[in-house]
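Encoded as structure tokens, the structure appears first; notes follow it.
The values are calculated or read from the model by the stated rules, or taken from the named source; none is laboratory data. The structure displayed is predicted, hence computed values, not measured ones. Here the Cβ positions follow ideal geometry from the backbone for every residue, glycine too, while neighbour counts run over all protein chains shown.
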Amino acid sequence: MLDQKTTNELKTALEKERDLLISELETIATPDPNLKGDWDIKHSEWEENEITSEEELEGGISVNESDEDMTNKALSDRLELRLRDVNGALEKIEKGTYGTCETCGAEIPEDRLKANPAAKTDMEHVV
């Protein structure tokens, strides 16, 4: 079981990472007002507040998207996923369920959480 000092240290690390992820996302994307936790990339030739194409919303890529847009979309997707993991870990800290493997319910080792404070599973259940 994690002691309060360690939990607080990990919470601080998660909050710093969350702020960094948001800062990085804001350079290439804007929060989607209709879908919490989702970000829409800023298209290089569009106004920054213009939403993505319908093809992109359906999972495809528009033929009009530049290489920069496709790179930003891939980066945005990775940053969004990490941000969701970080936010999920912060929510678990608030609920008192932090540090428990989502697969088997066992305690996640402290060294794993220090290496990756947003870890969802112990090493045995890493996908």
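Taking the stretch 94-120, which residues are under 16 Å from the mean Cα position of the chain (by Cα) and surrounded by fewer than 18 Cβ atoms within 10 Å (Cβ to Cβ)?
116, 120
Given the conditions (1) within 16 Å of residue 1 (Cα to Cα); (2) assigned to a helix (DSSP H, G or I), and given that residue 74 satisfies all but one, which numbered condition is not satisfied?
Only one criterion is unmet by residue 74, namely (1).
Can you tell me which residues in the stretch 99-122 are of a type in the set (D, E, K, R), over 13 Å from residue 9 (Cα atoms) and touching a residue at least 12 places away in the same chain (Cβ under 8 Å)?
Those that are of a type in the set (D, E, K, R), over 13 Å from residue 9 (Cα atoms) and touching a residue at least 12 places away in the same chain (Cβ under 8 Å): 102, 107, 120, 122.
Do you know which residues across the stretch 31-50 are in a loop (DSSP other than H, G, I, E, B), among the charged types (D, E, K, R) and modelled with pLDDT of 85 or more?
Answer for the stretch 31-50, where residues must be in a loop (DSSP other than H, G, I, E, B), among the charged types (D, E, K, R) and modelled with pLDDT of 85 or more: 32, 36, 38, 42.
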